[in-house]
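Accompanying notes for the structure given below.
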Number of protein chains: 2
Amino acid sequence: MAGSGSAASPLARALLQQCLSARLQVKPPEPGSEARWVQIERGLIIYICFFKGTTEEIVPKMVNTLLNVKLSETEGGKYVSILDLPGSILIIPQATLGGKLKGRNMQYHANIEKERGNVLYSLLVTLCERELMANAKCSEAGVVLKHGTYGNRQVLKVDTNGPFTHMIEF
Amino acid sequence: MAGSGSAASPLARALLQQCLSARLQVKPPEPGSEARWVQIERGLIIYICFFKGTTEEIVPKMVNTLLNVKLSETEGGKYVSILDLPGSILIIPQATLGGKLKGRNMQYHANIEKERGNVLYSLLVTLCERELMANAKCSEAGVVLKHGTYGNRQVLKVDTNGPFTHMIEF
């Protein structure tokens, strides 16, 4: 009811940032065990948020777009896809991206339920991994895909030569 | 003509990320002179992009929202504004945020012209600085506002305890 043009509401939102390296905590420290981290070098950070009503159907299309959009700068100054660079990928679940301003607070009413979101997120990671592994250029270059744990705090350190932040909605 | 619901097109887009520290290059290295950097500690990174048709009128409203939205976590786990935290602010011009996917490329047709964008960006920085200086809590705590140079490559290093990425459109 409230809000403008719910017909145009996105089903998912992705935020892309280029990095020279990025390090993400995937398990917080606990008594007796240290935190666990994953790391990538030169590549692409993809923050992901799903909205209510999203189904598995959308995920292959998202993966195709995210891996093929030409946003990564070669040494020659040309822009190519992350598969063509080739570069590594760090996928981070980021539910806050679905927030909507209401007064001085953000509300997350449009966000997908947590369990459904985890299913879609896991599928997205799996399909991205599959594409990366099937790509000869990527395998030869030894680029990797790492990803955050859904529901965790995404403790993150990033080093960039310019994040060139882009948003893509689906 | 093309596109969905141009009536709902935003005039500006801001992306907010929390940081423990952030370091931004404001002057690239040149023969005979080193690069110049600015740095903040705990606080808020605000990426800014203006669209065509935006005027000065919108800027005070943006500043009010960005400085007062409750997205910064206190040590007690409560969410307060960056002014109430209080924390430092790093403002980064990020025209890429205005990109729109077309096939495998991003297009920036909706972005404001560079000179107009620089005027609005400078005004935004000035008004944010003014608010920060007028705020007793911020002055006492010695928090600072730093910002990137419009039109530069935004070489950035970030350390977070969770970016909690939010997008706000105006």
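Only the coordinates and a few stated rules stand behind these numbers; no lab work does. Note that the structure is a prediction, hence the values are computed from the model and not measured. With ideal geometry, Cβ positions are generated from the backbone for all residues, glycine too; neighbour counts draw on all protein chains shown.
Quick look at the numbers
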| quantity | calculated |
| --- | --- |
| Orientation-averaged projected area, Cα convex hull of region B:16-57 (nm²) | 4.9 nm² |
| Residue with peak Gaussian network fluctuation, chain B [Cα springs, cutoff 10 Å], from B:Glu34, B:Glu140, B:Glu56 | B:Glu34 |
| Surrounding net charge for A:Arg23, when Lys and Arg each add one and Asp and Glu each subtract one, Cβ distance under 12 Å | +1 |
| Potential extension, A:Glu34-A:Glu113 segment - 0.36 nm per residue separation minus Cα distance | 25.4 nm |
| Cα-based Rg and Dmax for region B:33-170, where Dmax is the largest Cα-Cα distance (Å) | 15.7, 51 |
| Rg(Cα) / (2.2 N^0.38 Å) computed for the protein assembly as shown, rounded to two decimals | 0.97 |
| Relative packing of B:124-130, B:23-29, B:75-81, which averages over residues the other C-beta atoms within 10 Å, highest first | B:124-130, B:23-29, B:75-81 |
| Simple spin-label estimate for A:Thr55 and A:Lys27 in nanometres, 7 Å along Cα-Cβ | 3.7 nm |
| Rotationally averaged projected area of region B:25-102 (alpha carbon convex hull; nm²) | 8.4 nm² |
| Efficiency of FRET between A:Ala134 and B:Ser9 - r from beta-carbon atoms, R0 41 angstrom, step 0.05 | 0.60 |
| Residue of A:Gly103, A:Gly53, A:Gly151 that the Gaussian network model of chain A assigns the largest fluctuation, springs spanning Cα pairs under 10 Å | A:Gly103 |
| Cross-link pairs B:Lys52/B:Lys78; A:Lys102/B:Lys102; B:Lys78/B:Lys146; A:Lys61/B:Lys70 - those with Cα-Cα distance over 29 Å | B:Lys52/B:Lys78; A:Lys102/B:Lys102; A:Lys61/B:Lys70 |
